[in-house]
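The values are calculated or read from the model by the stated rules, or taken from the named source; none is laboratory data. Fair warning: this is a prediction, and the values are worked out from it, not measured in the lab. Cβ placement follows ideal geometry from the backbone for every residue including glycine, while neighbour counts extend to all protein chains displayed. Just so you know, the surface numbers come from the protein's heavy atoms only, side chains and all, with ligands and any DNA or RNA stripped out. Shrake-Rupley method; radii C 1.70, N 1.55, O 1.52, S 1.80 Å.
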Amino acid sequence: MSGTPTERQLRDELNDLDAGDRDSEGPGDVRVRWRAAAPEDRPDGMTWTPGGDEDPALLAYDGWQAQRECLTAVESGDHDIVAFLAGYGSGKSVFGARWLLSKALEHPGSRFLAMGVDFQKARDTTYPKLFAQLPGERTTLTTSGFNGPENSPLVADYNRQQHRLTLVNDSVITLGSADKYSRYAGAEFGAVWMDEPSHYGDVLHELTGMITTRLRGVAGPKTQLWTLTGEGYNAAWEILEQRQDADGDPIGLDIEVVTASVLDNPYLAVGDKERFKRKYKGTGKEQQALHGGFAAASGLVYSQFSRETHVINHAEAADRVTGDWRIYGYDAGWSDPRVLVEIGATDYDQFVVLGEFYQSESHVEDAIRWLQANGKPEGRIYCEHEPADIQKFDRAGYTAVEAEKSIDPGIAEVRRRLSRDDTDRVGLLVSDRCRHTIREFLSYKQEHVGTSQAEDHICDSIRYAIHTNEHTGGGVATATVRLSGDMNDLL
């Protein structure tokens, strides 16, 4: 083995794992076969042949070229993650569901995980796609008196309360969701299918690490299959394209990405392809919607923000900032991250985000330690309304005031800063070290404003600082506060 081994190579050596085969047949007397696409002969792309006295039952799935390329990659046993990155209507989820079912049939008595964005979305999209790939009538129908998946000859039980699908060979597929991923931390799986992980948010980094450690203890190929559209430059982009973790370090996993254009999908009607082309060709969404590439997310609050325009090298950012003038935005959180954002200013009335404290399950004391340990200049801290936290900042020698939190004028102020002025300069820049800040600007959607779905903790903090400073006439000169503090006052 040359170079640094990946986590998968280390696990292979320790556990002597066996890679999965292309065809599967097990004690359930069901064989799965993958065939070339034949949309005219088999519009559904699958057939089921019950077994006889001597022959096993046969479940046959068809796949078009990109799906078969992904199958080759995920069946090779060489990769920790195989991602099927494709345009809308490319059959991503169909392929993911079929592959997971084939692995569950191949490895009797094992356990597998199918994961969607959250339970509501998975219930309406991911799970029905899985059930639709089962042979049988009305397998997707679930009512108060009818369990559709149990209508399949492959299913022994579907437990809705436990979100568990048990096949006739005693393999179990857990139906999971990324918003509650911690519940799977103690489980073990033979393989995992993640549907649309580009919508999981920043949690995808932690989830990927957790899932990697849970691929053990039971039979299966011990790999992850991701099926997704490139929705924004988010955590999925960082993992698949940059091969980096949340801290920007090498991720240490073997990753293979297979891309696909929806225009090549033989199962999609010509009229639908033409409609997609009319809607997306020549737009900023073309690569994402049609060809399986990453593009900026749609419906962003700060759609002006881009890496090319607003993100600069940290050394350049520090060099542009004038002196030790600072303001800080603070957002309290416990299960959500606790955030403190450092903002300086240039000689040209530009704000520059220089640093970020971003940590879940932390206290205000941790944020103060971050200020002091990193030698951050003193400045006014604009806080979310948390009187106890404000008092602790004050006791540590920092001037903390309650922020102006009005959403609409605050967002408008940040947008104004993101725009170019009469001299063609943008009013807000971000250091490339501030990875959480960049990610939030590129993923904060209008539909999530003011809701529990919003992952806007840093965007909130920046809004508190900029809007309150401007709203109160702070400017650059009058906002500077020179104070010192000692953590011993808090302890």
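Tell me, what HN-Hα J-couplings in whole Hz come from the Karplus equation 6.51 cos²θ - 1.76 cosθ + 1.60 at θ = phi - 60° for each residue of segment 112-124, using x for Gly and Pro?
Taking θ as phi minus 60°, the curve returns 9, 10, 10, 10, x, 5, 9, 4, 4, 5, 5, 4, 8 Hz for segment 112-124.
Rounded to a whole number of µm²/s, how large is the Stokes-Einstein D of segment 325-365 at 4 °C and 1.567 mPa s, given Rh as the Kirkwood radius over C-alpha pairs? Display every interim value, and only then the final one.
Working: Rh = 11.0 Å.
Here the translational diffusion coefficient equals 118 µm²/s.
Given a cut-off of under 8 Å on Cα pairs at least six residues apart, what relative contact order in percent is computed for the chain?
Working: 1018 pairs, mean separation 67.2, N = 491.
Contact order relative to length: 14 percent.
Taking H as built 1.01 Å from N, whose amide H comes closer than 5 Å to the amide H of W226, not counting residues under 5 places away?
V82, A83, F84, M194
For the chain, state what percent of all Cα-Cα pairs lands in each successive 20 Å bin, counting from 0 Å until the bin that includes the largest distance.
Binned Cα distances yield the sequence 22, 46, 26, 6, 0.
If you count, for each residue, the other Cβ atoms within 10 Å and average over each peptide, how do 271-283, 433-445 line up from highest to lowest?
Values: 271-283: 13.0, 433-445: 22.8.
In descending order of packing, they fall as 433-445, 271-283.
Can you give the FRET efficiency to the nearest 0.05 for A412 and D55, using r as the Cβ-Cβ distance and R₀ = 45 Å? Present the calculation step by step, with values, prior to reporting the outcome.
Details: r = 69 Å, r/R0 = 1.53.
Efficiency computed from Cβ-Cβ geometry: 0.05.
For the chain, which whole percent of the accessible surface, found with a 1.4 angstrom probe, sits on carbon and sulfur atoms? Provide the component values of the computation, followed by the final result.
Details: 9290 of 21370 Å².
Ligands and nucleic acids excluded, carbon and sulfur give 43 percent.
So which of K285/K445; K92/K121; K121/K285; K103/K129 end up more than 19 Å apart, counting from Cα to Cα?
K121/K285
Out of all DSSP beta bridges with both ends in the chain, state the antiparallel percent to the nearest 5. Write out the running numbers ahead of the final one.
On the way: 32 of 77 bridges.
Of the beta bridges lying entirely in the chain, close to 40 percent run antiparallel.
Check E356: other-chain or 5+ apart residues with amide H under 5 Å from its amide H, H built from backbone geometry?
Sorted by chain and number, the residues that satisfy this are E342.
Express the accessible area of the chain per residue in Å², computed with a 1.4 Å probe while the remaining protein chains stay in the model. Provide the component values of the computation, followed by the final result.
Working: 21370 Å² over 491 residues.
I get 44 Å² per residue for this part.
For segment 188-197, take each phi angle, set θ = phi - 60°, evaluate the Karplus expression 6.51 cos²θ - 1.76 cosθ + 1.60, and give the result in whole Hz per residue in order, putting x for glycine and proline.
10, 9, x, 5, 9, 10, 9, 9, 6, x
Whose amide H sits under 5 Å from the amide H of D62, counting only residues 5 or more places off or on another chain, with H placed in the peptide plane?
For D62, the qualifying residues are R35, M46.
Return the Rg/Rh ratio of segment 173-245 with Cα-based radii and a Kirkwood Rh.
Values: Rg = 12.0 Å, Rh = 12.6 Å.
Here Rg/Rh amounts to 0.95.
Going highest first, how would you order 377-385, 100-108 by mean Cβ packing within 10 Å? If you can, show how the numbers build up before the last one.
Working: 377-385: 21.7, 100-108: 24.1.
So the peptides 377-385, 100-108, ranked by packing, come out 100-108, 377-385.
Using the Cα centre of the chain as origin and beta-carbon charges of +1 (Lys, Arg) and -1 (Asp, Glu), tell me which of G201, S76, Q372 is placed farthest towards the positive end of the dipole.
So the residue furthest toward the plus end is G201.
Looking at segment 24-151 only, what percent of DSSP beta bridges run antiparallel? Nearest 5 please.
Details: 8 of 15 bridges.
Bridges in segment 24-151 are about 55 percent antiparallel.
Test of understanding: express the Cα radius of gyration of segment 246-374 as a ratio to 2.2 N^0.38 Å, with N the residue count. Let's see the in-between values first.
Working: Rg = 21.4 Å, N = 129, 2.2 N^0.38 = 13.9 Å.
For segment 246-374, the normalised Cα radius of gyration is 1.54.
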